[in-house]
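Each reported figure results from applying straightforward, stated rules to the coordinates on display, with no laboratory input. All values reported here derive from a predicted model rather than from experimental measurement. Glycine gets a Cβ as well: all are built from the backbone with ideal geometry, and neighbour counts include every protein chain shown.
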Amino acid sequence: MSRMAVTTIQSLLCGSQANCRRSKLLECRNEPVTVTVAVNAVDSIVLASDSATTQQAQIEPGQVATINIWNSANKIFNLRKCWPVGAMTWGRASIGGRSIATLSKELRCRFSGDRAGFEDWTLDAEKYTIADVAERVKTFFYDEQYASDPAQDALGLAVAGYSAGSDVAELRVILMDGSGCQGPEEPLPAGEPFVGWWGQPEAITRLAKGFSPRLGEALAQLGVPQQDIQGYVDKIQAKTSIPLAWAGMPVGEAIDLADFLVEATIKFVRFAPGHQMVGGPVEIAAMTRHEGFKWIKRKHHYPQNLNVEGTWP
């Protein structure tokens with residue numbers, strides 16, 4: 001069993017202090033691995049991730065141990081070659097022995113019109129929407145792959161980019177586990193800048209919000225009534241959070257911000273107690289309406305000089 005995270009954390013930091021009150025602080029389940037970041041500057045949207053994935057095995061009934069940590073997983077995908085339509089994943093690394101990256105390439109074939117019997121999945125350059133793409137992503141991953149798989153480790157997907165003819169970046173989040181599938185949901189309305197992060201939340205949450213994701217747990221231990229905890233968290237966040245993304249932020253700055261947040265998490269996990277379950281090369285992709293999907297940082301497993309594009313049928 002390999003996985004990149006076992007958490008359904010959704011963390012958001014909006015571009016204005018007023019809107020930050022709409023962010024959600026959810027409880028982390030188990031030991032989170034992986035870090036994925038989205039920076040939506042409206043004029044551009046940037047996806048960034050680490051490359052770590054863990055191999056886990058059941059050593060005794062009910063007891064799972066980490067036996068390997070690999071640092072070459074692919075977690076960011078272009079869902080239609082060159083178009084500003086991308087996705088990012090955290091959670092389990094594979095379904096039925098096929099990596100999420102491989103499954104995403106199969107989905108891309110459908111979106112490109114390269115799979116017989118799935119002609120209605122082909123994206124129309126003049127009409128497609130990110131909302132419709134996200135629904136297809138949910139159908140492909142949850143309905144066709146995940147729902148019938150006996151392993152029910154949590155899986156998260158973010159679908160991002162620009163709808164046909166739109167100047168505004170969008171993002172939809174899909175979360176699935178043994179209880180079902182949530183989403184696709186839009187964390188914030190299109191046109192609002194934000195930074196979102198999923199997987200290992202500790203470092204970025206401390207940096208951006210000014211407190212640990214376990215603040216609610218600490219307040220409960222101090223005797224704060226359960227029904228009052230979220231209110232206290234919201235009031236603290238209003239005073240301690242720092243907005244990082246802004247509408248119209250230059251794409252170069254959005255790229256640097258996403259890179260910094262992933263690197264900060266990798267370094268944080270390196271020196272924190274426990275396994276280094278976040279790490280490996282940082283991968284980054286940026287999307288704009290006019291430039292489409294562009295890789296900024298990317299691993300190359302195959303030597304480029306030995307592999308010429310277009311030689312495989």
*Length-normalised contact order for the stretch 2-294 - Cα pairs under 8 Å, 6+ apart - percent*: 32 percent
*Can you pull the one-decimal nm distance between simple spin-label points at Gln221 and His300, each 7 Å off the Cα toward Cβ?*
4.9 nm
*Taking the chain as a Gaussian network, Cα atoms linked when under 10 Å apart, which of Gln145, Gln226, Gln276 shows the biggest mean-square fluctuation?*
Gln226
*Most exposed first by the Cβ proxy, i.e. fewest other Cβ within 10 Å, how do Lys105, Lys294 rank?*
Lys105, Lys294
*Taking the chain as a Gaussian network, where each spring joins two C-alpha atoms under 10 Å apart, which residue of Gly62, Gly223, Gly91 fluctuates the most?*
Gly62
*On a C-alpha basis, how far is the centre of the stretch 95-133 from the centre of the stretch 243-288 in Å? Whole number, if you could?*
28 Å
*asked:* Students often get this wrong, so check it: of Lys138/Lys239; Lys81/Lys138; Lys138/Lys299, which have C-alpha atoms separated by over 25 Å?
replied: Lys138/Lys239; Lys138/Lys299
*Which of the helices in the chain meet the span-like rule: DSSP H, Cα axial reach of 20 Å or more, Kyte-Doolittle mean at least -1.0?*
251-271
*For the chain, with the dipole built from +1 on Lys and Arg beta-carbon atoms and -1 on Asp and Glu ones, taken about the Cα centre, which of Thr53, Gly183, Gln226 lies farthest toward the positive end?*
Thr53
*Most mobile of Arg214, Arg92, Arg136 per a Gaussian network model of the chain (Cα springs, under 10 Å)?*
Arg214
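Place a +1 charge on the Cβ of each Lys and Arg in the chain and a -1 charge on the Cβ of each Asp and Glu, then give the dipole magnitude about the Cα centre in debye, rounded to the nearest 20.
About 540 debye.
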*So how much slack lies between Arg115 and Thr102, counting 0.36 nm per residue of separation and subtracting their Cα-Cα distance, in nm?*
3.2 nm
*Using amide H atoms built 1.01 Å from N in the peptide plane, name the residues 5+ places from Lys299, or on other chains, whose amide H lies under 5 Å from its own.*
none
*Quick one: give the max-minus-min coordinate of the C-alpha atoms of the stretch 2-294 along each principal axis, largest first, in Å.*
59, 50, 35
